[in-house]
1. In a GNM of chain B with a 10 Å cut-off on Cα contacts, which of B:Arg231, B:Arg421, B:Arg22 has the highest mean-square fluctuation?
2. Please report the antiparallel percentage of DSSP beta bridges with both residues in the stretch B:86-377, rounded to the nearest 5.
3. Applying 1/(1 + (r/R0)^6) with R0 = 60 Å to the Cβ-Cβ distance of B:Arg388 and B:Leu7, what FRET efficiency is obtained, to the nearest 0.05?
4. Would you mind giving the mean number of other chain beta-carbons within 10 Å of the Cβ of each residue in B:345-354, as a whole number?
5. From the P(r) of the stretch A:365-503, can you give the percent of Cα pairs sitting at distances over 22 Å?
6. Whose amide H sits under 5 Å from the amide H of B:Asp232, counting only residues 5 or more places off or on another chain, with H placed in the peptide plane?
7. Strictly greater than 32 Å: what percent of every Cα pair in chain B meets that?
8. Give me the number: length gained by fully extending A:Lys164 to A:Met461, i.e. 0.36 nm times residue separation minus the C-alpha to C-alpha distance, one decimal in nm.
Amino acid sequence: MAALDTTQMREGVDRETVETVRSMAGSYKHGWETEIEMEFAPKGLNEDIVRLISEKNGEPEWLLEWRLDAYRRWLTMESPDWAMLDIPMIDYQEQYYYAKPKSMVDKPKSLDEVDPKLLETYAKLGIPLKEQAILAGVEGAGEERKVAVDAVFDSVSVGTTFKKELEAAGVIFCSISEAVQDHPELVKKYLGSVVPQNDNYFAALNSAVFSDGSFVYIPAGVKCPMELSTYFRINAENTGQFERTLIVAEKGSHVSYLEGCTAPKRDTNQLHAAVVEIVVLEDAEVKYSTVQNWFPGDEDGKGGIYNFVTKRADCREARAKVMWTQVETGSAITWKYPSCILRGDDSQGEFYSIAIANNWQQADTGTKMVHLGKNTRSRIVSKGISAGHAQNTYRGLVSMHPKARDSRNYTQCDSLLIGDKCGAHTVPYIEVRNASSRVEHEATTSKVDDDQLFYCRSRGMDEEEAVALVVNGFCKEVLQELPMEFAMEAQALVAISLEGSVG
Amino acid sequence: MMPRAKLMQQKRDAAAELLSARPLPEGGVWARAARKAAVERLQAMGLPSKRDEYWRYTDPRRLTAADVENADQVDTSDEVPIFEAFDRVKLVFVDGVFDAQASDAPELAGVEICTLAEAARADLHWARDAFGVLEARGQDPVPRPLASLNTAYATEGLLIRVTGKAEKPISLIYRRSAANADAMTHHVIRLEPGAELTLLEDGPVAARYNQVTEIDLAETAVLNHVRAQGRDHARAGATHLFARLGAQAQFKSFTLSANGALTRNEGVIWLDGAEGSAHIAGATVGDGAFHHDDTVFINHAAPRCESRQVFKKVLRHGAVGVFQGKILVDQVAQLTDGYQISQSLLLDEDAQFLAKPELEIYADDVKCSHGSTSGEIDQNQLFYLRARGVSESDAKMLLVLAFLAEALEEIADPDLAEDLRSRLEAWLKRRA
């Protein structure tokens, strides 16, 4: 455990604690692999691969052209270098861009026909693909809650639960490949309307090669009868995952969407470049929660997912509301800025984030709040925790355009450092172009409070538990914004992610 | 978007063009070496570009253009010159050129003063260890090409070495004469262990100016720096303060800015010795075609140091205020106390405030915070004063002054602070 060997021992930590921590370190719980026969597209990236992916998904001509356009733009673009990330050279020709379990070649008509191995995979992850009332692990949750799940395995969606019940409410929840077939007019209207093909390097790559993802459409006035969830699993080696999610909330509708992701432990790095687009119309409300737990690499920094994600919500009409909540604990490198375009008057954007970087992880994450409409509101609460040799950066933009009169932003960024080999950074951009808007930004950086630790230790907690408790307290403002199932998972994750960081 | 390599090439080409049009000034061994090294730095980094992240909010073209725009002068004969009431050694520059006739004799116990022009002729000078040296260090982590340009070409400036406690302030007065003068001044201030000095600067300098001040504070030295950037509307200027602090050294720098079409004030501070303290502050009043940029970088490179950045801006009629501040805490700089606040009061809908307050922290046992706010005058505060019979204009004036006061409090000498406060009040009244 390199992090512990080189990190200076703090006073008051006995050898035993360090040993216990050492034995627990690297306990990423989802690092196993499913052995399953896969069908791969040839390695590498070129126009033929783009055509192949489009063909495999049986896409119409316009979408193929759209992809090719994105690919050609991508070729002219450069990988962004402004984040505080040390990104090794990525050989885009050494990746597979399409991997599909063989059993999925003939698309199963219902969940009962899905390969049991795939179902087992999700069961093991705690996401059973059956229509059960609640997610596993939440007992005594009080009222019965339903969660519909779309499960994406490498490049394809293996199944979506509760489809019928959702259909009855008018809600469309399916994989984006199905949506292209069944609801082409909606996809054509909204795809790329929030994140254009050439938005950035990774979005262009995604636009060219995205294979699957989720599509959500909530009709006007409908409150989605249950939480919707997508679970992303990368399984195959040397395979990138490029999912695309599109959520459209019509006037007065309401939806809460959850996203989770894991990947096996491997020595090599894997690429994940996703795009999430959310369109929120008049009086609609979308809540998007993520627990990102991609394999972070081992304690020496070997392996792990490179997570380059573009997420953006467009509050297109008056009083639209969007809320991003993210718990970022995984990935070797995270480059992710879920954003809100507050175009409609009185629209609202919120961003709550916990980013934990341990061992050799690097995270550069934050949000953009672009205020265009009058009387728009935004709130940012970001909690960054760095441990081991990790670097953790909050990067955010708050922009008040001249016409965004009487708007309001409040930003709070707190960073916590555990150990003297890590870094915590804050890079906010604040652009105020009218006087009637109020913008407030606060940021603090500190270490885990000695008094709080002492208090916990003197009540019999070991150092590891005490740190986990203090950190959970530090994150509380964000954790309480998560839907309950996620909040519990996230709380446990916070503790696991910090294993091996004390010493 | 332009590829990065192409942008870099454009910047280097622009630097090469500028360098080829201007031969380096003559000088003795040390000055020639320093200038040559600066040219090499400039060739490598190129001229600044609006596309640079570092120039995101301020367009540097006017500062590097071949031609200098004419800048009208404000007639200040109706006001008492700034710092008038203080006994000080006055050293006068006209359009950036030292004017010995107009200056006091450069004599003060415990202080050596000589001009750069004179020192550069010699082959050896104490300033060799600082001139261009701190500027070169300041090129990391971001290039500051205007400062290298200055080191290469500046022939005017003062080299001040302080060995004791100076009994009165040294006051640099910058007057203008020509409508389109392009001034480049480079000062080096060195304080030996335990030395103390108050350095005052005021005046509009020139139609365009590029100033570099390199400050080297040995352990326990104390430097108080108060600067007033005068009232001329159309001038454009870039200033760089590079300051290195030894153990327990103290540096306080305050800048009052009013008007000027374009001002970029950069401060680069290194806390190299334990328990050093640096306070950088600024109060800015901007009106109309006014663009003011404060860019500050504070590097905590030793334990138990303290730093404060306090920047306040009052803006109206399309004035633009920029603040880019960064606190970098090295891994060794445990027990750092870093504080940064940047606030703007926007008096009407046209004003803009653009800020990028950054923290970059590699030590765990630190206390660092920053805050940034922007908004209009608080209606509740205004109502409170109006309800007590204060007229609307007086109430606003009171609130604006109260807002700026936190920055003025960073001036060590209360008499100097009061001098600037009353000046500010007079300026605001004239505009109201």
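1. Evaluated over chain B, the most mobile residue of the options is B:Arg22.
2. Values: 9 of 140 bridges.
Roughly 5 percent of the beta bridges in the stretch B:86-377 run antiparallel, per DSSP.
3. Values: r = 57 Å, r/R0 = 0.95.
Computed FRET efficiency for B:Arg388 and B:Leu7: 0.60.
4. On the way: counts 1, 7, 1, 3, 8, 4, 4, 7, 7, 6.
Going residue by residue through B:345-354 and averaging, the value is 5.
5. Working: 4552 of 9591 pairs.
Distances greater than 22 Å cover 47 percent of the Cα pairs.
6. Correct list: B:Val74.
7. On the way: 31943 of 93096 pairs.
Everything past 32 Å amounts to 34 percent.
8. Values: separation 297, 0.36 × 297 = 106.92 nm, distance 4.86 nm.
Additional length available on full extension: 102.1 nm.
Values in this text are rule-based calculations from the coordinates and carry no lab data. Owing to the predicted nature of the structure, the values given are computational and were not obtained by experimental measurement. Here Cβ is always computed from backbone atoms with ideal geometry, including for glycine, and neighbour counts include all displayed protein chains.
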